[in-house]
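What follows is a short report on a single structure.
The values are calculated or read from the model by the stated rules, or taken from the named source; none is laboratory data. Just so you know, these numbers come straight off a predicted model, no measurement behind them. Every residue, glycine as well, gets a Cβ built from its backbone with ideal geometry; the counts of neighbours run over all protein chains shown. Accessible surface areas use protein heavy atoms only, side chains included; no ligands, DNA or RNA. Shrake-Rupley method; radii C 1.70, N 1.55, O 1.52, S 1.80 Å.
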Amino acid sequence: MSAPRLFALSIVALLVTLAATGCDKPRPPEKHPTFAPRTSAPPLAITEYVEDRPRGLRSIRLTEGVAMALECWDESGAPCLLEGSTLGDERVASFRRAYGDFDAVSVSGRGTQRAYLNRAVFVVVARQPGEAKLVVQTGKGPVTIDVTVFPQKR
Amino acid sequence: MFAVLFACGGGDSTTGTSGAMQQSSARPDCAPNDTSCQLDGLDAPLAVGARLPLDVRITARGVAAPKIALEAARADVLEIRGAELVGKAPGFSSVLFSGEDGVVLDFVTLSVALPDRLELYRLTDDGAPEASPLPEKIQLAPGDDLELSIRAFSGATRLLGDLDAAWEVDGAIGTLLDAGRRASRRLRVKTPGLGTLAITTGGSVKTLTIEVLP
(Lines give C-alpha, C1' and ligand atoms only; values in the text may rest on other atoms or scores of the structure.)
Protein backbone atom coordinates (compact mmCIF):
# COMPACT_ATOMS: atom_id res chain seq x y z
CA MET A 1 0.00 0.00 0.00
CA SER A 2 1.37 3.43 -0.91
CA ALA A 3 2.17 5.99 1.78
CA PRO A 4 -0.58 8.46 0.76
CA ARG A 5 -3.22 5.70 0.78
CA LEU A 6 -2.01 4.48 4.17
CA PHE A 7 -2.20 8.02 5.53
CA ALA A 8 -5.76 8.47 4.23
CA LEU A 9 -6.89 5.18 5.77
CA SER A 10 -5.40 6.25 9.11
CA ILE A 11 -7.34 9.50 9.05
CA VAL A 12 -10.56 7.65 8.28
CA ALA A 13 -9.93 5.20 11.09
CA LEU A 14 -9.27 8.04 13.51
CA LEU A 15 -12.47 9.85 12.52
CA VAL A 16 -14.51 6.71 12.90
CA THR A 17 -13.05 6.13 16.35
CA LEU A 18 -13.73 9.69 17.47
CA ALA A 19 -17.29 9.55 16.24
CA ALA A 20 -17.87 6.27 18.04
CA THR A 21 -16.56 7.57 21.37
CA GLY A 22 -18.30 10.96 21.07
CA CYS A 23 -15.04 12.81 21.57
CA ASP A 24 -16.26 15.49 19.20
CA LYS A 25 -18.65 16.73 21.95
CA PRO A 26 -17.33 18.18 25.27
CA ARG A 27 -18.46 16.21 28.37
CA PRO A 28 -20.29 18.15 31.08
CA PRO A 29 -18.43 18.30 34.47
CA GLU A 30 -19.43 15.71 37.10
CA LYS A 31 -22.07 17.06 39.51
CA HIS A 32 -22.76 15.51 42.89
CA PRO A 33 -23.65 16.58 46.44
CA THR A 34 -20.62 17.42 48.56
CA PHE A 35 -20.04 17.20 52.29
CA ALA A 36 -17.06 18.50 54.25
CA PRO A 37 -16.36 18.26 58.01
CA ARG A 38 -15.98 21.61 59.76
CA THR A 39 -14.89 20.31 63.22
CA SER A 40 -12.42 17.73 64.45
CA ALA A 41 -12.63 15.07 67.11
CA PRO A 42 -11.58 15.60 70.73
CA PRO A 43 -8.96 13.26 72.25
CA LEU A 44 -9.98 9.59 72.51
CA ALA A 45 -12.82 10.08 70.03
CA ILE A 46 -13.38 9.91 66.28
CA THR A 47 -15.45 12.09 63.94
CA GLU A 48 -15.03 10.91 60.35
CA TYR A 49 -16.77 11.34 57.01
CA VAL A 50 -16.10 8.76 54.29
CA GLU A 51 -17.58 8.57 50.80
CA ASP A 52 -17.28 6.25 47.83
CA ARG A 53 -19.09 8.15 45.06
CA PRO A 54 -18.94 5.53 42.29
CA ARG A 55 -20.77 3.15 44.62
CA GLY A 56 -23.01 5.87 46.03
CA LEU A 57 -21.85 5.21 49.58
CA ARG A 58 -21.46 7.88 52.23
CA SER A 59 -20.86 7.37 55.94
CA ILE A 60 -20.29 9.33 59.12
CA ARG A 61 -18.43 7.60 61.93
CA LEU A 62 -18.55 9.02 65.46
CA THR A 63 -17.70 8.09 69.02
CA GLU A 64 -20.71 8.16 71.32
CA GLY A 65 -21.14 11.49 73.07
CA VAL A 66 -19.43 13.68 70.48
CA ALA A 67 -20.85 16.08 67.93
CA MET A 68 -19.57 16.83 64.43
CA ALA A 69 -20.34 19.77 62.15
CA LEU A 70 -20.43 19.32 58.37
CA GLU A 71 -21.04 21.66 55.48
CA CYS A 72 -23.21 20.61 52.54
CA TRP A 73 -23.49 21.61 48.86
CA ASP A 74 -26.01 20.21 46.40
CA GLU A 75 -25.13 18.79 42.98
CA SER A 76 -25.10 22.22 41.38
CA GLY A 77 -22.64 23.57 43.94
CA ALA A 78 -25.21 25.59 45.87
CA PRO A 79 -25.61 25.31 49.66
CA CYS A 80 -28.02 22.54 50.62
CA LEU A 81 -31.46 23.55 51.82
CA LEU A 82 -31.39 21.00 54.71
CA GLU A 83 -35.07 21.61 55.47
CA GLY A 84 -36.76 18.26 56.04
CA SER A 85 -33.56 16.30 56.70
CA THR A 86 -34.09 13.41 59.07
CA LEU A 87 -32.11 10.90 61.06
CA GLY A 88 -33.79 7.51 61.35
CA ASP A 89 -33.01 6.56 64.95
CA GLU A 90 -32.68 9.55 67.26
CA ARG A 91 -31.61 7.26 70.11
CA VAL A 92 -28.37 6.58 68.19
CA ALA A 93 -27.73 10.08 66.79
CA SER A 94 -29.46 13.42 66.22
CA PHE A 95 -29.48 15.87 63.31
CA ARG A 96 -29.35 19.57 64.10
CA ARG A 97 -29.17 22.51 61.75
CA ALA A 98 -26.27 24.81 62.58
CA TYR A 99 -25.13 28.35 62.01
CA GLY A 100 -21.79 28.85 60.27
CA ASP A 101 -19.97 32.17 60.55
CA PHE A 102 -18.76 31.92 56.96
CA ASP A 103 -18.86 34.35 54.08
CA ALA A 104 -21.82 33.79 51.76
CA VAL A 105 -21.06 31.84 48.60
CA SER A 106 -21.79 33.08 45.08
CA VAL A 107 -23.75 30.43 43.19
CA SER A 108 -24.31 32.11 39.87
CA GLY A 109 -22.63 34.82 37.97
CA ARG A 110 -23.89 34.82 34.42
CA GLY A 111 -24.15 38.30 33.07
CA THR A 112 -26.17 40.43 35.49
CA GLN A 113 -27.47 37.46 37.53
CA ARG A 114 -25.73 36.69 40.79
CA ALA A 115 -26.84 35.22 44.12
CA TYR A 116 -24.96 35.11 47.41
CA LEU A 117 -26.39 32.40 49.65
CA ASN A 118 -25.75 31.47 53.28
CA ARG A 119 -23.61 28.38 53.65
CA ALA A 120 -25.38 25.23 54.85
CA VAL A 121 -24.01 23.61 58.01
CA PHE A 122 -25.46 20.85 60.14
CA VAL A 123 -24.39 18.96 63.25
CA VAL A 124 -24.69 15.23 63.90
CA VAL A 125 -24.74 14.37 67.61
CA ALA A 126 -23.77 10.82 68.59
CA ARG A 127 -25.92 9.59 71.50
CA GLN A 128 -25.28 5.85 71.91
CA PRO A 129 -23.57 3.02 69.96
CA GLY A 130 -25.47 1.82 66.92
CA GLU A 131 -26.29 2.59 63.31
CA ALA A 132 -28.78 4.95 61.73
CA LYS A 133 -29.62 6.47 58.34
CA LEU A 134 -29.32 10.21 57.83
CA VAL A 135 -31.30 11.57 54.88
CA VAL A 136 -30.10 15.04 53.93
CA GLN A 137 -32.43 17.12 51.80
CA THR A 138 -30.12 19.05 49.52
CA GLY A 139 -32.80 20.89 47.56
CA LYS A 140 -31.88 18.91 44.45
CA GLY A 141 -32.90 15.60 45.97
CA PRO A 142 -32.19 13.54 49.09
CA VAL A 143 -28.82 12.03 49.94
CA THR A 144 -28.52 9.12 52.36
CA ILE A 145 -25.56 8.90 54.75
CA ASP A 146 -24.95 5.90 57.00
CA VAL A 147 -24.21 7.00 60.56
CA THR A 148 -22.24 4.64 62.81
CA VAL A 149 -21.67 5.42 66.48
CA PHE A 150 -18.92 3.58 68.35
CA PRO A 151 -18.75 3.14 72.13
CA GLN A 152 -16.42 5.24 74.24
CA LYS A 153 -13.38 3.37 75.49
CA ARG A 154 -13.86 2.78 79.21
CA MET B 1 -35.09 23.90 79.33
CA PHE B 2 -33.65 27.19 78.08
CA ALA B 3 -30.81 28.65 80.07
CA VAL B 4 -31.02 32.43 80.15
CA LEU B 5 -27.40 33.02 79.30
CA PHE B 6 -27.09 36.34 77.53
CA ALA B 7 -24.00 35.99 75.43
CA CYS B 8 -22.22 39.07 74.24
CA GLY B 9 -21.40 39.26 70.55
CA GLY B 10 -17.78 39.78 69.71
CA GLY B 11 -16.69 38.53 73.12
CA ASP B 12 -13.09 38.04 74.11
CA SER B 13 -12.14 34.72 72.60
CA THR B 14 -8.69 34.79 74.13
CA THR B 15 -10.12 33.66 77.47
CA GLY B 16 -12.13 30.54 78.03
CA THR B 17 -12.39 27.49 75.83
CA SER B 18 -13.18 28.05 72.16
CA GLY B 19 -16.06 26.10 70.73
CA ALA B 20 -15.39 23.44 68.13
CA MET B 21 -16.86 25.68 65.42
CA GLN B 22 -14.74 28.61 66.63
CA GLN B 23 -17.89 30.66 67.19
CA SER B 24 -18.04 30.78 70.98
CA SER B 25 -16.04 30.93 74.17
CA ALA B 26 -17.04 29.03 77.32
CA ARG B 27 -15.66 29.03 80.85
CA PRO B 28 -16.85 28.34 84.38
CA ASP B 29 -18.85 31.18 85.87
CA CYS B 30 -16.21 32.84 88.02
CA ALA B 31 -15.93 35.18 90.97
CA PRO B 32 -15.05 38.66 89.64
CA ASN B 33 -11.45 38.68 90.88
CA ASP B 34 -10.70 34.99 90.52
CA THR B 35 -8.05 35.64 87.89
CA SER B 36 -7.09 32.05 87.19
CA CYS B 37 -10.73 31.12 86.65
CA GLN B 38 -11.30 34.16 84.44
CA LEU B 39 -8.38 33.27 82.19
CA ASP B 40 -8.70 29.51 82.20
CA GLY B 41 -11.33 27.74 80.26
CA LEU B 42 -12.86 24.35 80.75
CA ASP B 43 -9.37 23.06 81.36
CA ALA B 44 -10.10 20.01 83.47
CA PRO B 45 -12.74 17.30 83.72
CA LEU B 46 -15.87 17.92 85.72
CA ALA B 47 -16.10 15.87 88.92
CA VAL B 48 -18.86 13.29 89.20
CA GLY B 49 -21.46 14.80 91.52
CA ALA B 50 -20.24 18.37 91.01
CA ARG B 51 -22.17 21.34 89.59
CA LEU B 52 -20.56 23.77 87.17
CA PRO B 53 -22.27 27.03 86.22
CA LEU B 54 -21.28 27.88 82.68
CA ASP B 55 -20.56 31.27 81.09
CA VAL B 56 -21.00 31.06 77.30
CA ARG B 57 -20.22 33.91 74.91
CA ILE B 58 -20.98 33.79 71.21
CA THR B 59 -18.08 35.25 69.26
CA ALA B 60 -19.46 34.89 65.73
CA ARG B 61 -19.19 38.08 63.67
CA GLY B 62 -22.10 40.46 63.98
CA VAL B 63 -23.98 38.26 66.44
CA ALA B 64 -25.29 40.09 69.45
CA ALA B 65 -26.55 38.45 72.63
CA PRO B 66 -28.76 35.53 71.55
CA LYS B 67 -30.58 33.54 74.23
CA ILE B 68 -28.77 30.22 74.47
CA ALA B 69 -29.98 26.74 75.38
CA LEU B 70 -27.63 23.98 76.48
CA GLU B 71 -27.98 20.35 75.40
CA ALA B 72 -25.74 17.42 76.34
CA ALA B 73 -25.11 14.63 73.85
CA ARG B 74 -25.07 12.08 76.68
CA ALA B 75 -27.43 12.87 79.53
CA ASP B 76 -26.10 9.85 81.44
CA VAL B 77 -22.68 11.55 81.63
CA LEU B 78 -23.64 15.23 81.83
CA GLU B 79 -26.94 16.66 83.04
CA ILE B 80 -28.07 20.16 82.19
CA ARG B 81 -29.85 22.09 84.95
CA GLY B 82 -30.59 25.54 83.65
CA ALA B 83 -27.20 27.16 83.15
CA GLU B 84 -25.36 24.48 85.16
CA LEU B 85 -23.66 21.28 84.11
CA VAL B 86 -23.82 18.38 86.56
CA GLY B 87 -21.40 15.48 86.37
CA LYS B 88 -23.31 12.18 86.46
CA ALA B 89 -20.85 9.45 85.42
CA PRO B 90 -17.31 9.10 84.02
CA GLY B 91 -16.97 9.65 80.28
CA PHE B 92 -17.26 12.59 77.87
CA SER B 93 -20.07 14.44 76.18
CA SER B 94 -20.44 17.33 73.78
CA VAL B 95 -22.53 20.23 75.03
CA LEU B 96 -24.39 22.09 72.28
CA PHE B 97 -25.05 25.84 72.46
CA SER B 98 -28.25 26.51 70.51
CA GLY B 99 -30.30 29.55 69.74
CA GLU B 100 -34.02 29.87 70.42
CA ASP B 101 -34.87 28.28 67.07
CA GLY B 102 -32.80 25.21 67.91
CA VAL B 103 -30.02 26.10 65.47
CA VAL B 104 -26.65 25.02 66.88
CA LEU B 105 -24.27 27.95 67.28
CA ASP B 106 -21.34 25.94 68.61
CA PHE B 107 -20.39 23.11 70.97
CA VAL B 108 -17.64 21.95 73.32
CA THR B 109 -16.82 18.47 74.56
CA LEU B 110 -16.28 17.96 78.28
CA SER B 111 -14.97 15.02 80.28
CA VAL B 112 -16.41 13.84 83.58
CA ALA B 113 -14.14 12.03 86.03
CA LEU B 114 -14.54 10.25 89.34
CA PRO B 115 -12.67 12.04 92.15
CA ASP B 116 -10.10 10.01 94.05
CA ARG B 117 -9.45 12.56 96.81
CA LEU B 118 -10.67 15.82 98.30
CA GLU B 119 -8.67 18.89 99.29
CA LEU B 120 -9.67 21.82 101.46
CA TYR B 121 -8.85 25.39 100.40
CA ARG B 122 -9.04 28.72 102.19
CA LEU B 123 -10.90 31.32 100.09
CA THR B 124 -9.85 34.95 99.71
CA ASP B 125 -12.34 37.75 100.21
CA ASP B 126 -13.13 37.61 96.48
CA GLY B 127 -14.11 33.98 96.66
CA ALA B 128 -11.02 32.66 94.89
CA PRO B 129 -9.25 29.65 96.39
CA GLU B 130 -5.66 30.10 97.53
CA ALA B 131 -3.01 28.52 95.39
CA SER B 132 -2.36 25.55 97.69
CA PRO B 133 -4.69 23.41 99.77
CA LEU B 134 -4.61 23.50 103.56
CA PRO B 135 -2.38 20.96 105.33
CA GLU B 136 -3.81 18.25 107.59
CA LYS B 137 -3.59 20.46 110.67
CA ILE B 138 -3.77 24.22 111.23
CA GLN B 139 -3.46 26.51 114.24
CA LEU B 140 -5.85 29.39 114.90
CA ALA B 141 -6.57 31.91 117.64
CA PRO B 142 -9.95 32.51 119.27
CA GLY B 143 -12.04 34.78 117.07
CA ASP B 144 -10.34 33.76 113.83
CA ASP B 145 -12.71 33.58 110.91
CA LEU B 146 -11.92 31.88 107.62
CA GLU B 147 -13.87 30.70 104.63
CA LEU B 148 -13.18 27.20 103.36
CA SER B 149 -14.05 25.34 100.18
CA ILE B 150 -13.79 21.69 99.21
CA ARG B 151 -12.33 20.70 95.83
CA ALA B 152 -12.15 17.32 94.09
CA PHE B 153 -9.03 15.84 92.54
CA SER B 154 -8.30 12.95 90.23
CA GLY B 155 -4.60 12.23 90.43
CA ALA B 156 -2.78 15.52 89.95
CA THR B 157 -5.76 17.17 88.22
CA ARG B 158 -8.02 19.48 90.14
CA LEU B 159 -11.49 18.75 88.83
CA LEU B 160 -14.02 21.40 87.93
CA GLY B 161 -17.29 22.00 89.72
CA ASP B 162 -18.72 22.54 93.16
CA LEU B 163 -19.53 19.52 95.29
CA ASP B 164 -22.50 19.27 97.58
CA ALA B 165 -21.15 18.17 100.94
CA ALA B 166 -22.02 17.75 104.62
CA TRP B 167 -19.83 19.89 106.95
CA GLU B 168 -19.33 19.18 110.65
CA VAL B 169 -17.07 20.67 113.29
CA ASP B 170 -16.57 19.89 116.94
CA GLY B 171 -18.99 22.31 118.50
CA ALA B 172 -16.66 23.17 121.34
CA ILE B 173 -14.01 24.88 119.27
CA GLY B 174 -16.05 26.75 116.73
CA THR B 175 -19.07 27.33 114.54
CA LEU B 176 -19.75 26.70 110.85
CA LEU B 177 -21.71 29.31 108.96
CA ASP B 178 -23.30 28.88 105.56
CA ALA B 179 -22.94 32.33 103.98
CA GLY B 180 -24.47 31.12 100.72
CA ARG B 181 -21.23 30.89 98.75
CA ARG B 182 -21.25 27.76 96.67
CA ALA B 183 -19.49 24.67 98.11
CA SER B 184 -18.01 26.62 101.02
CA ARG B 185 -18.52 27.35 104.71
CA ARG B 186 -17.24 30.03 107.06
CA LEU B 187 -15.50 28.67 110.15
CA ARG B 188 -15.43 30.89 113.21
CA VAL B 189 -13.35 29.52 116.10
CA LYS B 190 -13.99 30.62 119.65
CA THR B 191 -12.55 28.34 122.34
CA PRO B 192 -8.95 27.13 122.77
CA GLY B 193 -8.63 23.43 122.22
CA LEU B 194 -8.25 20.72 119.62
CA GLY B 195 -11.02 19.73 117.26
CA THR B 196 -11.82 18.26 113.86
CA LEU B 197 -13.63 19.61 110.84
CA ALA B 198 -15.09 16.83 108.65
CA ILE B 199 -16.49 17.27 105.16
CA THR B 200 -18.37 14.34 103.62
CA THR B 201 -19.31 14.10 99.94
CA GLY B 202 -20.08 11.17 97.70
CA GLY B 203 -18.81 8.63 100.21
CA SER B 204 -15.47 10.42 100.73
CA VAL B 205 -14.48 12.27 103.89
CA LYS B 206 -11.94 15.07 104.24
CA THR B 207 -10.83 16.06 107.74
CA LEU B 208 -8.92 19.04 109.09
CA THR B 209 -7.44 19.09 112.58
CA ILE B 210 -7.80 22.53 114.16
CA GLU B 211 -5.77 23.60 117.17
CA VAL B 212 -7.10 26.78 118.70
CA LEU B 213 -4.39 28.38 120.81
CA PRO B 214 -5.13 30.89 123.57
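Points to keep in mind about this one:
- Across A:48, B:168, B:147, the residue with the most accessible area heads the list, and the full order at a 1.4 Å probe is B:168, A:48, B:147.
- Given charges at Cβ of Lys, Arg, Asp, Glu: segment A:3-150 dipole, positive-most of A:95, A:125, A:6: A:6
- Only helices enter this figure: runs of n ≥ 4 DSSP H residues, each worth -39500 (n - 2.57), summed and divided by the residues of the protein assembly as shown, yield -2000 deg cm²/dmol at 222 nm to the nearest 500.
- Dimensions (Å) - the protein assembly as shown, Cα atoms, principal axes, largest first: 126, 44, 40
- The spread of Cα positions in segment B:117-212, taken along each principal axis and listed from longest to shortest, comes to 36, 28, 21 Å.
- Subset of A:31/B:67; A:31/A:153; B:67/B:88; B:88/B:206 violating a 30 Å alpha-carbon distance limit: A:31/B:67; A:31/A:153
- Of the residues A:49, B:121, A:99, the one with the largest accessible area comes first in the ranking A:99, A:49, B:121, computed with a 1.4 Å probe on protein heavy atoms.
- Rounded to the nearest 5, the antiparallel percentage of DSSP beta bridges internal to chain B is 90%.
- Positive-end extreme of charge dipole, the protein assembly as shown - chosen from B:115, B:156, B:58 (charges on Cβ): B:58
- Surface share of carbon and sulfur [accessible, 1.4 angstrom probe, percent] for segment B:159-213: 47
- Placing unit charges on the Cβ atoms only, positive for Lys and Arg and negative for Asp and Glu, gives segment A:39-147 a dipole magnitude near 240 debye about its Cα centre.
- Fully extending the segment from residue A:115 to residue A:83 would add 9.6 nm, taking 0.36 nm per residue of separation and subtracting the current Cα-Cα distance.
- Comparing B:176, B:46, B:194 in a Gaussian network model of chain B, where Cα atoms under 10 Å apart are tied by springs, the biggest mean-square fluctuation is seen for B:194.
- Size of charge dipole - the protein assembly as shown - debye, nearest 20, with Cβ of Lys, Arg +1 and Asp, Glu -1, no other charges: 1380
- Legend: P(r) of chain A from all alpha carbon pair distances, 10 Å bins from 0, whole percents, reading 10, 30, 24, 12, 10, 8, 5, 2, 0.
- Interface of B with A. Using a 1.4 Å probe and counting protein heavy atoms only, the two chains hide about 1800 Å² of accessible surface, both sides summed.
- For segment B:52-70 versus segment B:90-163, the gap between their alpha-carbon centres in whole angstrom: 22
- Compactness of chain B, expressed as Rg and Dmax over alpha-carbon positions, Å: 19.2, 64
- Rolling a 1.4 Å probe across the protein heavy atoms gives chain B an accessible surface of 44 Å² per residue.
- Calculated from backbone phi, Karplus (6.51, -1.76, 1.60) coupling profile of segment B:180-191 in Hz, x at Gly/Pro: x, 7, 3, 6, 9, 9, 9, 9, 10, 8, 9, 10
- Degrees separating the helix A:3-21 axis from the principal Cα axis of chain A, which is the longest one: 30
- The mean sequence distance of close C-alpha pairs (under 8 Å, at least 6 residues apart), as a share of the length of segment B:117-212, puts its relative contact order at 31 percent.
- Under 15 Å from residue B:137, Cα to Cα: aspartates and glutamates that are on another chain or at least 8 residues apart: B:119, B:170, B:211
- A simple charge model with +1 on the Cβ of Lys and Arg, -1 on the Cβ of Asp and Glu and nothing else charged puts the dipole of chain B at about 120 debye relative to its Cα centre.
- Database remark: amide H of residue A:63 closer than 5 angstrom to the amide H of A:46, A:150 (H placed geometrically; neighbours at sequence offset of 5 or more, or on other chains; Pro and chain starts carry no H).
- Whole-number percent relative contact order across chain A, with pairs defined as alpha carbons under 8 Å at least 6 apart: 25
- Fully extended contour minus Cα-Cα distance, from residue A:12 to residue A:75, at 0.36 nm per residue: 18.8 nm
- Average other protein chain Cβ within 10 Å of Cβ, residues B:98-111: 5
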